[in-house]
Structures are given as C-alpha cells and as structure tokens.
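Notes follow once the structure below has been shown.
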Amino acid sequence: MRVRETARGWTAVWLVVLALAQAAALLLVWRFAVHTRLGQWLDTVALTGNRIGQDRIDGPVDRILNAMSVVSLLVATGVIGFIALIRGRKALAVTATLLVAGANGTTQLLKHYLVRPDFGIDPERAAAGNSLPSGHAAVAASVAIALILVLPAKLRVPGAYLGGAYAAAAGVATLSAGWHRPSDAVAAYLIVGGWAAVGGLTLLFFQRERAEVSTADAHRVAAAVLGVGGVLALVASAFALTWLAARSGTPADELARRPLLIGYAGSAAGIVGTIAVVAALVLAVVHRLVPRVKG
C-alpha cells in the first residue's frame, strides 16, 4: 500500500510540473507572438506564405474546418462520455467531459479578453484584433486528448496517433485557410495540455483502492515515437524561424517565395510538433491515471 501511495504521489507531482510548464509556455507564446514586433512579423510571414499551393489544398482544408462546429463538439463529447460509462468509469466520464469543456471555455475566454497591440505589421488583419488561441485547434485537440484517456488500453495507441494527426491537421488547416496565425494553434494545444494535467490530478484523487497499475498497459514506445517526432518537428521549426528572423526588416508581402515558404513550413512544423509532444505526455502517463480494476 505504501509503495502504491508513493507512486501516486510522484505521478501527482509530475502532473503539477506539466501543468505549470505548459502554463508558462502559453505565457511565453502569448508575450512573444502577440506583444513583440518580431513575433507578429513571423506569424504574418506564415500567413502570407499560405497562398503558396493554396489552390491544391483548399478542398481538404475546407472539409476539415467545416467538420468542426458546436454540434460536432457536443456529439464528440457525448461519445467520449459514453465510452467511459460503458467501461464502468463514471469519474473518467466526468473528467473527460470537463477537460473538453474547460479547454474550450478557456480558449474562448482568452480570445475575448486578450488584447493584440497594433505594430503596423499586419494592417490587413489589424481590425480583426486578437485571434489567440484558436478555437478550432482547441476543439480538435481536446477531443483527441480526451479519447486517449477514455479508450481501453489496446486502443489507446491508434487513438493517440489518429487523434493527434487530426488535431495537427486542424491546426495547420486554420493556418492554410488564413483563419488563424500559427501561434494561435500552438496556444490552444498548450491550454488543452494544461487541462489534461488537471484532469489527471482529478483522476488520481478519485482513484479507488481496487485500482491496479500494470506496466503491461504502458505505452512507452508509442509515447517515445510521438515525443521524439514532436521534438524534432519543434527543432526544425526553431531553425526555420531563426533563419527567417534575420530578414525581419522586410515587410512580409515583399518577401520572395523561398522565405515565405520557409515561414509557412516552419510554422506548420511548430504546430505539428506541439500537439505531438502534448499527446505523448498524456499517452506516457495514462496507464497510471486510468489503471486496471481488480476483479
């Protein structure tokens, strides 16, 4: 019993660290992307670069974005809760539902109350004001992460891959369609990751004595693949945006095709890398949050 309580304690500490780290990352993304000239310029270059090859991807992008609505979110949340309930996990059903609602509610509140200063970097979109975080990215990511929590152990890995891929596609699609800046999607994923950590703490608190954590349910390889892939994508994004930053004296609409393409591709890599790391962190610890039940 003492060993089990110690393991739960360390898991709780890890979840608190993750929640604080993602909150700090969100603050940094907001301060840099919204409140600095360089951050606004990099976002604007990525949005300007989305016109390269846009005709070829308009169809798939529209289908991905149009599939996300309030109704679809409610249906997805209902399905997530139903999966948890048919597994006999009432606390899991409530927690997963609160994760989706909390992440999307936080996204809408921040988008409404955060202010975007006008540095004259993007006059075409200045009137639109703040767009961080992305609601579409938050919807896709919250559903994907909640699915990782509620799916049985045998289905978690394919669920994590498919859900993560869909969330990444949704984030890149908002950039490709010109609906959101890349920092908007990254911020949304960090909000979902923070709520996932809070949800994990809730599940630990309500974990019953019959809970039996099994290493057979751990997904180390899949989590490592997602995590390493995500980190590599983030490193590639950092290199691309660092190269681009050296040209920040040029207005975005006057840049040549190459820097525009690098800005778009580097930002897309940052979006993909962020959701991959968030999904990997959840997948690595989910077997401790939703363990087997003795008997």
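Tabulated data
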quantity: Listed residues Val282, Val221, Val186, most fluctuating in the chain (Gaussian network, C-alpha, under 10 Å); calculated: Val221
quantity: Gained length - Ala216 relative to Val17, 0.36 nm times residue gap less alpha-carbon distance; calculated: 69.1 nm
quantity: Length added when fully stretched, Phe119-Ala101, from 0.36 nm per residue minus Cα-Cα; calculated: 3.1 nm
quantity: Using a Förster distance of 22 Å, the FRET efficiency for Trp10-Val231 (Cβ separation, nearest 0.05); calculated: 0.40
quantity: Length-normalised contact order of the chain in % [C-alpha pairs under 8 Å, at least 6 apart]; calculated: 28
quantity: Taking the convex hull of Cα positions in the range 30-168, its mean projected area over all directions (nm²); calculated: 9.9
quantity: Sorted by Cβ density within 10 Å, fewest first, the residues Asp217, Asp184, Asp118; calculated: Asp118, Asp217, Asp184
quantity: Over the range 1-157, relative contact order from alpha-carbon pairs under 8 Å, at least 6 apart, %; calculated: 24
quantity: Dipole magnitude of the range 2-293, debye to nearest 20 (Cβ charges: Lys/Arg +1, Asp/Glu -1, about Cα centre); calculated: 960
quantity: Packing-based exposure ordering (other Cβ within 10 Å, fewest first) of Val285, Val79; calculated: Val79, Val285
quantity: Neighbour-count ranking [beta-carbon atoms within 10 angstrom, fewest first] of Lys90, Lys111; calculated: Lys90, Lys111
quantity: Residue among Ala146, Ala276, Ala265 with the largest mean-square fluctuation in a Gaussian network model of the chain, springs linking Cα atoms under 10 Å; calculated: Ala265
quantity: Candidates Asn50, Asn130, Asn66: whichever shows maximal mean-square fluctuation once the chain is modelled as a Gaussian network with Cα springs under 10 Å; calculated: Asn66
quantity: Å³ per residue enclosed by the Cα convex hull of the chain; calculated: 122
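Every number in this text was worked out from the coordinates using simple rules, so none of it is lab data. The model shown is predicted, which means the values in this text are computed figures rather than measured ones. As a convention, Cβ positions derive from the backbone with ideal geometry for all residues, glycine included, and neighbour counts pool all protein chains shown.
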